[in-house]
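Below is one structure, written out as structure tokens; comments come after it.
The values are calculated or read from the model by the stated rules, or taken from the named source; none is laboratory data. Remember, predicted model here, so these are calculated numbers, not experimental data. Here the Cβ positions follow ideal geometry from the backbone for every residue, glycine too, while neighbour counts run over all protein chains shown.
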Amino acid sequence: MGSRARLPTVEQKRRRAMRRHAVVGVLAILSALLDVLLTPAPAAAAFSTKWATRVWETEIGTAGPVIIALEPSGWGQAWVGLTGLRPSTRYSIALYQGTCAALGSRIAYDRTSTTMDDGTLDWDLNALTPAQMRAIKAAPHVSIAVGSSRRCATFPASSTSCAVRSSPAPWKDLVLVYPGTAVTYRTADGSNATLAASFSAAELDQIRASVAAAPGLASTWSGGTAALRVSVVVVDHALRSVTAQGTAGAYVVTENDIRADLNRYAPIGRYDNVTVIWKASPDAATLSPLSTWGTSGSCVSIHVNSTGFTTLPVTDVAAPLTTEMLHLWLESVAGYYAHFGYGPIPDLNAFGAGGYAYDPTSGWAGFYSAFMTGRVVDAQGAALGGISRTTWASGTPVTRPVGCYWFHDP
């Protein structure tokens with residue numbers, strides 16, 4: 001006869017209940033820990049390299065900027081800001097020695113990035129060790145890959161190197177033409193004034209023709225040493241903002257006046273220089289405060305998407321604008337190369353220096369030719385320098401990103 005199973009005692013029931021509660025408690029703790037481990041970390045705040053030096057900067061297609069920066073201590077940071085990523089998908093990011101086609105050895109790696117709900121990703125890998133930074137700077141090519149390398153950008157040879165390229169990279173200039181101007185500004189007597197002006201269709205055609213002539217003239221002046229490529233965009237709206245300059249009552253167009261257009265047409269890594277052409281008033285009463293040239297001069301700045309920045313107000317396009325546009329472009333060129341220590345580079349505004357004089361046919365072509373070939377001399381024939389073949393061959397802001405390091409704090 002089989003034995004009958006005993007009913008559990010009250011004490012046994014109590015102990016079993018305690019064990020069940022303990023198991024449930026442990027499972028709850030494990031579940032919470034698992035949620036923490038599996039929940040994407042909050043998006044890292046965009047780092048500030050206010051006191052750091054950019055080693056490289058480029059873009060992953062049109063997805064966003066990629067920056068590697070070196071701190072004075074020798075440690076580094078890498079920052080990527082991308083758009084168009086799949087929401088709620090975890091992405092890993094790695095720095096490799098090599099190109100995207102053959103990534104090679106991995107220098108640094110991180111898997112804690114998070115995609116925001118709007119499909120953007122801000123990711124930073126802080127505290128790259130000095131050894132990692134040395135590996136990055138020594139590598140002929142460094143690539144940063146996102147996810148399964150479907151998004152990958154390769155950085156060129158070290159921007160801190162003075163190695164000369166076999167052939168100069170072309171300078172890429174974007175000319176933004178504002179078809180009209182509609183701004184309000186304050187006059188010297190404290191009252192407000194309005195400028196409403198616009199280019200005619202014929203004037204826009206003349207501007208396009210002047211711009212189209214610029215690459216050929218740059219090649220002629222430099223003896224074929226410099227290459228310039230120019231793209232023209234006639235913006236689909238009027239210029240609506242100008243910025244006061246100093247206390248003299250002058251106004252200029254700054255990058256902040258056209259920020260949306262700058263981000264739309266000239267994202268980081270696409271152009272070396274941006275030239276803004278806009279309609280100024282021929283009226284003598286408003287000509288002075290609203291006809292000032294603008295140039296970033298000695299700086300290629302992150303504030304203008306890592307390009308040079310020049311502006312050309314136009315009152316009359318009957319005469320070609322090519323020389324004026326090239327002069328402003330050369331201001332950016334001279335400032336960029338001076339930052340690397342190339343030189344000497346004389347004052348570009350010293351047209352009358354030495355034996356240079358205005359020619360009724362060619363204008364200041366003699367001076368510009370000497371300037372663009374490194375052969376400017378003073379009145380006594382002593383060499384003043386200029387931009388030599390070696391300097392032209394050293395790179396451009398796109399191929400060799402650097403500048404005043406004016407990075408924003410987030």
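Are there any pairs with C-beta distances below 7 angstrom linking a residue in the range 262-278 that is assigned by TED's automatic domain parsing to the domain that holds residue 203 to a residue that is at pLDDT below 85 and acidic (Asp, Glu), with the two at least 6 apart or on different chains, and if so which?
If the second residue must be at pLDDT below 85 and acidic (Asp, Glu), the pairs left are 267/59; 268/57; 268/59; 269/57; 269/59.
Go through the range 351-373 and count every residue that is crowded, with 18+ Cβ neighbours inside 10 Å, within 17 Å of residue 228 (Cβ to Cβ) and out of contact with any helix residue (DSSP H, G or I) (no Cβ under 6 Å at 6 or more places or on another chain).
Summing the residues that are crowded, with 18+ Cβ neighbours inside 10 Å, within 17 Å of residue 228 (Cβ to Cβ) and out of contact with any helix residue (DSSP H, G or I) (no Cβ under 6 Å at 6 or more places or on another chain) in the range 351-373 gives 2.
Which fully enclosed strands (runs of 3 or more DSSP E) of the range 168-280 have 3 or more residues being within 24 Å of the chain's Cα centre (by Cα), buried (at least 19 other Cβ atoms within 10 Å of the Cβ) and hydrophobic (A, V, I, L, M, F, W, C)?
By residue number, 171-177, 273-279.
Name the single residue, out of those in the range 374-404 being of a type in the set (S, T, N, Q) and either assigned to a helix (DSSP H, G or I) or loosely packed, with under 13 Cβ neighbours inside 10 Å (or both), that is modelled with the highest pLDDT.
Filtering the range 374-404 for residues that are of a type in the set (S, T, N, Q) and either assigned to a helix (DSSP H, G or I) or loosely packed, with under 13 Cβ neighbours inside 10 Å (or both), the one modelled with the highest pLDDT comes out as 391.
Can you work out which of the residues in the range 313-343 that are in contact with a Pro (Cβ under 9 Å, 6 or more places away or on another chain) and closer than 17 Å to residue 209 by Cα is modelled with the lowest pLDDT?
It comes out as 316.
Cβ contacts < 8 Å: first residue more than 20 Å from residue 245 (Cα to Cα), restricted to the range 175-198; second residue among the β-branched types (Val, Ile, Thr) and assigned to a loop (DSSP other than H, G, I, E, B), any location; separation 6+ or different chain. Result?
So the pair list comes out as 176/235; 177/235; 178/235; 179/235.
Somewhere in the range 112-127, is a residue modelled with pLDDT of 65 or more, within 30 Å of residue 204 (Cβ to Cβ) and not in a loop (DSSP other than H, G, I, E, B)?
Within the range 112-127, none of the residues are modelled with pLDDT of 65 or more, within 30 Å of residue 204 (Cβ to Cβ) and not in a loop (DSSP other than H, G, I, E, B).
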